[in-house]
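*Asks:* The structure follows.
Every number in this text was worked out from the coordinates using simple rules, so none of it is lab data. No experiment lies behind these values; they were computed from the predicted model shown. A quick note on method: Cβ atoms are made from the backbone with ideal geometry, for glycine too, and the neighbour counts reach across all protein chains shown.
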Amino acid sequence: MTRWPISDVVEEMPPGLWVRRGAPPPMFSMHRHDDVEINVVLHGQLHYLFGGRPLTIREGEIAVFWAAQPHGLVDSRSGDMCWVHVPFSMFLGWGLPEAQTAPLLSAEPLITHDPDLARRIDHLAEQWGEEVGGTEPHVGSAAEAGAGGESAQIAVLEIQATVRRILRASSRPGPAAPLSNAGSVPASRLRQVSTMARYVRDHHGSPLTVADIAACVHLTPSHAMTVFRRTAGVTLGDYVTMCRVAEAQRLLLTTSLRITEIAGAAGFGSLSSFYQHVTAACGMTPREYRRQRG
């Protein structure tokens, strides 16, 4: 087992569709990103800090969680794993049944022991990585995958089907999911948080207030903020910023819009706020980030 000296600094990572297969990578800081993350342990174990608590994913298990919770891999036994990240906006856009999507807004990962499904993912993971162009964290965005030709689109459909299979397996009763505590959160609260997250996704490009978001679920602003933070593990303000940063990154890499136009289109109220949040998330200025497209 190798133990890594993880720091308590939380790194903000942009969302993106990507697939990785192989040994666990070293992680030296906590991070969070607006994706649905799937971990499949084919051989070995993964040991995380997730939301400040230890989490172990064992051989043959599949874990799925909303990665807005700070998490980091603290140590690992040598082994073979698959990681799949799906941008949360893409996941919501699939229009899956609420009974399947709501548990992912819980602060707890959904974990199931399903070796057959793990082998299915193992069989397809390498091909998915090649087709969506995402073999390193966040190099393949959802927008790029959607425009990446027929092979990428087929891979996205296969990933969607796999996510549905995982969620179905995670909802089965029995001892297969020892860490799934989604039932401890009332279904009504999960619906409220899901609705608020969807509202933010659809309106983050416009001026947006907590009162606007709260109104979509008929709560007071203070109550809405409390419900969202306690259920999702991040504040409403943080989630709005994450959505805006993700849109800014997409526009920087895929359009020739001026910086001021991108700041406005992504929903930032000022250029200084745009620079502050994008630079913090990317570790470089927006102009430097744009240069990556070559």
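*Asks:* I need the Debye-formula profile for region 186-293: one equal scatterer per C-alpha, no solvent, reported as log10 I(q)/I(0) at q = 0.13, 0.20, 0.21 1/Å, two decimals.
*Replies:* Values, matching the q order: -0.50, -0.95, -1.00.
*Asks:* Right, here's the next one. Figure the gain on full extension for SER256 and THR195 (residue separation times 0.36 nm, minus the Cα-Cα span) and round it to one decimal in nm.
*Replies:* 18.7 nm
*Asks:* Could you give the length gained by full extension between SER270 and ARG230, i.e. 0.36 nm per residue of separation minus their alpha carbon distance, to one decimal place?
*Replies:* Here the answer is 11.5 nm.
*Asks:* What does the net charge come to around ALA281 if you take all other residues with beta carbon closer than 13 Å to its beta carbon, with K and R at +1 and D and E at -1?
*Replies:* Once all neighbours under 13 Å are counted, the net charge is -3.
*Asks:* OK, next. If each of HIS43 and SER206 carries a label point 7 Å out from its Cα toward its Cβ, how far apart are those two points in nm?
*Replies:* 5.4 nm
*Asks:* Continuing with this model, one more query. Subtract the Cα-Cα distance of MET284 and GLN160 from 0.36 nm times their separation in residues, and report this length gain in nm to one decimal.
*Replies:* 41.4 nm
*Asks:* Excluding ILE154 itself, calculate the net charge of residues whose Cβ lies under 14 Å from the Cβ of ILE154, where each Lys or Arg counts +1 and each Asp or Glu counts -1.
*Replies:* Charge balance in the 14 Å sphere: -4.
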